[in-house]
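Enquirer: Can you read through this structure? Questions will come right after.
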C-alpha cells in the first residue's frame, strides 16, 4: 500500500469497525483504489523514500521538463555533474513549491539523446494531500458498501440518526481527483 488511506480512516468514515476477517479484503480494495487514483491522475502522490536516477533527452534549449519530484539530489549532463543555484549551472522550477517539474539551465543544453541524468525522489509530495486521501477513503468505502450493501438512506430512531449518501460522496471524490489530474503533454 502506498498510504493514500488507512483502514482506520475508512472505519471513521463509515462509522463502523471492520472485522479482522474482512481486513485483508479492505487492504486489497485500498491497493486497487490507489492504483486507480494514480492511473486517473497520472501522478504518484507520495514520493519515493529513496532517490533514483532517470535519464532525459535534451533538445538544445534552456529548460528540461522532468517527472514530478520533491527532491532533486543530482543532475549530470553528458556525465558531468552540474551545480544548483545562483551563479551555478541550473535552478529547479517552480522555485518556491514542490513538486519540481523543470530544470532551467543558465547556459542552455546541447542536443543530447539520453544525455541528462537526474537523481531525485520522484512523486507529487512527501505526504498524500488531504483531499486525495479523503477521495481514496470514500472510494474504498464505496467498494465495501458494494460488497455489503447499505440499504438505508436515512434512518432516525429517537435522538439517533444515520445517513448513507455514498453515491454523492463518490461523485465528489471523482471531482476532487479531476482537480489533481496532471495534463499529458
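Where a number appears in this text, it was derived from the coordinates with a stated rule and is not lab data. The structure displayed is predicted, hence computed values, not measured ones. Here Cβ is always computed from backbone atoms with ideal geometry, including for glycine, and neighbour counts include all displayed protein chains.
Enquirer: Mean residue ellipticity at 222 nm from the helices of the chain, using -39,500 (n - 2.57) per DSSP H segment of n ≥ 4 over the full residue count, to the nearest 500 deg cm²/dmol?
Expert: So the helix-based figure for the chain works out to -10500 deg cm²/dmol.
Enquirer: Who wins for biggest fluctuation among 28, 95, 141 in a Gaussian network model of the chain, springs between alpha carbons below 10 Å?
Expert: 95
Enquirer: Here's something else I'd like to know. With springs only between Cα atoms under 10 Å, which of 123, 115, 85 fluctuates most in a Gaussian network model of the chain?
Expert: Greatest mean-square fluctuation among the candidates belongs to 85.
Enquirer: Does anyone have the angle between helix 130-147 and the longest principal axis of the chain? Alpha-carbon axes, 0 to 90°, nearest 10?
Expert: With both axes taken from Cα atoms, the answer is about 40 degrees.
Enquirer: With springs only between Cα atoms under 10 Å, which of 112, 139, 14 fluctuates most in a Gaussian network model of the chain?
Expert: Highest fluctuation of the listed residues: 112.
Enquirer: Right, here's the next one. At 7 Å along the Cα-to-beta-carbon direction for both residue 20 and residue 89, put a label point, then send me their distance in nm to one decimal.
Expert: Result for the modelled spin labels: 5.6 nm.
Enquirer: Taking one equal scatterer on every alpha-carbon of segment 1-88, how large is log10 of I(q)/I(0) by Debye at q = 0.18 1/Å?
Expert: Once normalised to I(0) and log-transformed, intensities are -0.91.
Enquirer: Need one number: nm distance between label points at residue 36 and residue 147, each 7 Å from Cα along Cα→Cβ, rounded to one decimal.
Expert: About 1.3 nm, to one decimal.
Enquirer: Describe numerically, in nm with one decimal, the distance between label points set 7 Å from Cα along Cα→Cβ at residue 62 and at residue 80.
Expert: A separation of 1.9 nm, rounded to one decimal place.
Enquirer: Also, quick follow-up: Over segment 52-122, how many percent of alpha carbon pairs lie in each 5 Å bin up to the one with the longest distance?
Expert: Taking every Cα pair in segment 52-122, the percentages come to 4, 18, 33, 29, 15, 2.
Enquirer: If I fit a long axis through the Cα atoms of helix 23-41 and take the longest principal axis of the Cα atoms of the chain, what angle between them do I get, 0 to 90°, rounded to 10?
Expert: 50
Enquirer: What angle do you read, to the nearest 10 degrees and between 0 and 90, between the alpha-carbon axis of helix 166-179 and the longest principal axis of the chain?
Expert: Its long axis makes an angle of about 10 degrees.
Enquirer: For residue 12 and residue 73, FRET efficiency with R0 = 30 Å and r from the beta-carbon atoms, rounded to 0.05?
Expert: The calculated FRET efficiency here is 0.20.
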